[in-house]
Structure formats: structure tokens, C-alpha cells
């Protein structure tokens, strides 16, 4: 398969449950991947998932705080030195929190949702977009959520932070369209991961969307097969 042949993809959150599936799928489709990480126990899981099936030269891993602008810039510079460019940016990193009303939510809890979900997406795009504009090519896909599109009681901070991804995506897409940079987002419902199954043991897991299926959607949006879609949020709900 060569859907992403010779493309260079920066995948934030690439060592997480969804990110590992995305990195594997991108590598299997011919891409090279640059993956910033922060959670050390995820590293052996990442390597286990890849199973030694891909050349070490096609994978760049580095510890990065994606909330720190200087660290993000250094990672991007290092990835460009390693691979020559960045063609694709996949913004998967984020965090979930809820089960409190607006009145019960503290200012720190509110701010944390924006720091986890919106700030890394902004900083990564800020660092990568000039490279894409210079090369007159780029594909960016970020992650909103179903609740980010609809709102949800007792999840306001999370829903609004994810909803902001939608507006950010549309705004950036308009800025860079003339440079052949397409910017989109996906909106998952509940993703079928081990952590989510443990948190919701009585849910209908068979209806949840699989990370591998999300990876396929991300690959299409990131590929040359996507020539016309930009500025939108694509639902990836499965049957949930």
C-alpha cells in the first residue's frame, strides 16, 4: 500500500491508544512518522505495536511537552533535519474530563481542558504551517469530538475546548488554502480502547468506533486522494 508513500507525518499523541493505530497505518502506507511523546510507559507499547516491521529510519521519537512553544519548535526543527520536511500534521493529543456542572467546575479545571486540547493543536500548527506554506503542500487533521459539535451537560469545559477545534480548523483552512494546505478535523464518539472499556464496562463496546477505522479516515484526509476537502469536521462515530 502506498497511499502516503514518501510523505512525512508528524503525529501528536502518537504513542497513545489511538495514536499507535494511526502511526502503524501511516507507516504501512509508506509514510515516515515523527512522534512527540510525554508518557514514558507508552513507549514500549508503541514499539510492540510496530513489531519491528518498519525501518528505524522511518520513525523519529522524542520527548516533548506540547504545551511549551520552544519544545514544539525544536521538535519540528529536528524532524525537518531528520526527514527534510513535514507534509502532514495529525493533532491527536488531548485530554478528557467531566461529570461536573458549570457551577461546580473550577477555573483550573476549565483552563486545563483548553491547555490539553486546544493549546497543543495551536502550537503545532503554528510551528508546522510555515514549512507547508513554503513547500506549497500540506495536510492537517485535528481532533474535535461529538460533544464538541453538540455540547453536553456536565462536560462543558471539554465540549467547548473540542468545539473550539472546529472553529480553529475552519479559520486556519481559510488562511492556507491558496498554499495547497488542506486543514480538517475529525469528531469521534467513544473510541474502542482498553481504557474506555474499563471506564464503561457495561456499554455496548461493539458499537464504538475502532482506532484502526479512524486511522483509515485520517490517512485519506492526509493523502493526495483528498484534493477538495478542507475546513470541515468529519464525523467518525461508528454505530455509537
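The values are calculated or read from the model by the stated rules, or taken from the named source; none is laboratory data. What you are looking at is a predicted structure, and each value in this text was computed from that prediction instead of being measured. Please note: Cβ atoms are built from the backbone with ideal geometry, for glycine as well, and neighbour counts cover all protein chains shown.
Note on the stretch 124-150: among residues that are in contact (Cβ under 8 Å) with a residue 24 or more places away in the chain and closer than 20 Å to residue 191 by Cβ, the one that is surrounded by the most Cβ atoms within 10 Å (Cβ to Cβ) is 142. Taking the stretch 18-46 as the range and being in a helix (DSSP H, G or I), touching a strand residue (DSSP E or B) at 6+ places or on another chain (Cβ under 9 Å) and either surrounded by fewer than 19 Cβ atoms within 10 Å (Cβ to Cβ) or free of Cβ contacts under 8 Å to residues at least 12 places away in the same chain (or both) as the test, only 43 passes. Among the numbered conditions (1) within 15 Å of residue 6 (Cα to Cα); (2) out of contact with any strand residue (DSSP E or B) (no Cβ under 6 Å at 6 or more places or on another chain), the only one that residue 69 does not meet is (1). Only one entry of 52, 98 meets the criterion of being in contact (Cβ under 8 Å) with a residue 12 or more places away in the chain and assigned to a loop (DSSP other than H, G, I, E, B), and that entry is 98. Total residues in the stretch 160-169 satisfying the condition of being in contact with a helix residue (DSSP H, G or I) (Cβ under 9 Å, 6 or more places away or on another chain) and free of Cβ contacts under 8 Å to residues at least 40 places away in the same chain: the figure is 1. Residues in the stretch 61-115 that are at pLDDT 95 or above, surrounded by fewer than 21 Cβ atoms within 10 Å (Cβ to Cβ), within 30 Å of residue 30 (Cα to Cα) and within 16 Å of the chain's Cα centre (by Cα): 61, 65, 67. At pLDDT below 95 and in contact with a helix residue (DSSP H, G or I) (Cβ under 9 Å, 6 or more places away or on another chain): is that true of residue 229 in this structure? No, not satisfied. Against the list (1) assigned to a strand (DSSP E or B); (2) over 29 Å from residue 151 (Cβ atoms), the condition residue 89 fails is (2).
Scan the stretch 164-192 for residues that are crowded, with 18+ Cβ neighbours inside 10 Å and touching a strand residue (DSSP E or B) at 6+ places or on another chain (Cβ under 9 Å) and the total you get is 18.
Close contacts from the stretch 193-207, counting a first residue that is exposed (fewer than 12 other Cβ atoms within 10 Å of the Cβ) and a second that is at pLDDT 85 or above and not in a loop (DSSP other than H, G, I, E, B), with Cβ to Cβ under 8 Å and a gap of 6+ residues or different chains, come to 194/17; 195/17. Only one entry in 178, 152, 170 is over 27 Å from residue 42 (Cβ atoms) and modelled with pLDDT under 95, namely 152.
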